[in-house]
Structures are given as structure tokens and as C-alpha cells.
1. If I take R0 = 22 Å and measure r between the Cβ atoms of B:S107 and B:D5 in this structure, what FRET efficiency does the formula 1/(1 + (r/R0)^6) give, to the nearest 0.05?
2. For A:V19, what charge total do you get from the other residues with a beta carbon under 12 Å from its beta carbon, if Lys and Arg give +1 and Asp and Glu give -1?
3. Shape of chain B from its Cα gyration tensor (a ≥ b ≥ c, root eigenvalues): rounded if a/c is under 1.5, otherwise prolate when a/b > b/c, or oblate?
4. Give the accessible area for B:F29 in Å² (nearest 10); use a 1.4 Å probe, count only protein heavy atoms, and leave out ligands, DNA and RNA.
5. Computing the accessible area with a 1.4 Å probe over protein heavy atoms, can you report the carbon and sulfur percentage for the protein assembly as shown?
6. For chain B, what is the accessible area per residue in Å², given a 1.4 Å probe and the full set of protein chains?
7. To two decimal places, what compactness ratio does the protein assembly as shown give when its Cα radius of gyration is scaled by 2.2 N^0.38 Å?
Amino acid sequence: KAGVTQTPRYLIKTRGQQVTLSCSPISGHRSVSWYQQTPGQGLQFLFEYFSETQRNKGNFPGRFSGRQFSNSRSEMNVSTLELGDSALYLCASKVLGGADSGANVLTFGAGSRLTVL
Amino acid sequence: GQNIDQPTEMTATEGAIVQINCTYQTSGFNGLFWYQQHAGEAPTFLSYNVLDGLEEKGRFSSFLSRSKGYSYLLLKELQMKDSASYLCAASGAGSYQLTFGKGTKLSVIP
């Protein structure tokens, strides 16, 4: 069974540009969450999608957006990139859209490492 | 909101036992997760506690006290491959997100 796949794995952008990251969840998983990971802040929640609807959103500016397609694949977009957006962006999927539990565990992808110059 | 605290770094010797503590303050609480993350890799699920007490899984055990807002991850018979970051995460009641601590970087030395 394939895991969570994120593309691209590495990318370099310059300030002011925009970027789109892609995530393919585990087959059968309908919920996709995105996290930003930095050395100083750890993992911070960006948003969660279930059945093409955003269920929850973290405390990030509107420059961060996402969407989910009917096949559960998800994309996140960051516009007008800033130096502080340099981070590892992790996507995670789980079977159901409800609360996390022992039966509804988040499985993470390897991440997309974004460097903003 | 939720606040989760865990030590930044720990060092332990191969073959020893190490305990990584985590305290949490949440407005609602479902359960407590532990994840392991090796450098450059995805976090992987280790354990989930919803009731008070100790859950044992091989060399790894996790403990939860809901009344104290406290959990720990116990690693026995440490191996070099256990060198990784260990992430504590709380699941909030009625929410659809995990809130993570900043992680504890464990270094296992010979």
C-alpha cells in the first residue's frame, strides 16, 4: 500500500513568488492535513480538508491556501513568498474526517522542503 | 487553545532507558499521541493514549495522566537507531487537528 506522496520534495523560490505543493494521500484516506515544520516552531497546523471542504484552519495568513480534489488529492499554495516561509511542509492523511484517535491516525508524507531566497 | 511542552534535547547511552516527558494544557482533550521523526524523514506514529495509565509496545511505552495533563514516552534498551526527534501531540475534543509540541531531539551515544 503506497504511503502519502508529496511533490516536489525540494524547491527553491525567491521572495514574492508563489508556490504550489501537491499531496496524494493513502488510498482510502479522505482527510488531508497540512503542517509547516520549522526548527523554531515545530509542527504548526495549516489546514485540514475532507470531502473537498476545508474543515479547520490554523493561524496562518491568507497567503496560505489549499484545496482538495474529488480523488482526495490535495494542493496547498503560498503566494507572495517571504523569507520566513522557508520550511518543511508536511502533508498527512487519515481515514476519516473526525477527531484523531487510535483508529484514525495521521500518516505523514516525507514533506516538501521549501527554501525562499 | 492548546499548549504542549517537552524538553528540547536529551542524550542517553545505548542500552539504557530514557523517559521523555510532555505536559499539555488544552481547552478540550481527546487523547495524546507520540510520533518519531528521524532527520529528513516523515514523522511516524508510535503510540496513542486516551485513558490514564501505561500502554506498552515492545521497547516503547507511553503513559498518560489526564488529571495532571502529563504524558511520557519510555524507551528501553536504547539502540543507536532510536536517535530521532520525538513529538508529543494532543488531540482536542471536537476539533479536527493535532497540536504538536516542538519535539525532543534524542541522541543515543555508545
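The values are calculated or read from the model by the stated rules, or taken from the named source; none is laboratory data. This is a predicted model, so every value here is computed, not measured. When we count neighbours, we look across all protein chains shown, and the Cβ atoms used for this are built from the backbone with ideal geometry, even at glycine. Areas reflect the complete protein model, heavy atoms only, side chains present, ligands, DNA and RNA absent. Shrake-Rupley method; radii C 1.70, N 1.55, O 1.52, S 1.80 Å.
1. Numbers: r = 20 Å, r/R0 = 0.91.
So the FRET efficiency works out to roughly 0.65.
2. Details: positive: A:K13, A:R15, A:R63, A:R113; negative: A:E75, A:E82, A:D85.
Net charge around A:V19: +1.
3. Details: a/c = 2.06, a/b = 1.65, b/c = 1.25.
Prolate.
4. Here the residue's solvent-accessible area equals roughly 30 Å².
5. On the way: 5190 of 10450 Å².
On the protein assembly as shown, the fraction of accessible area on carbon and sulfur atoms equals 50 percent.
6. Numbers: 5200 Å² over 110 residues.
Value returned for chain B: 47 Å² of accessible area per residue.
7. Values: Rg = 17.4 Å, N = 227, 2.2 N^0.38 = 17.3 Å.
Here the Cα radius of gyration is 1.01 times the empirical estimate.
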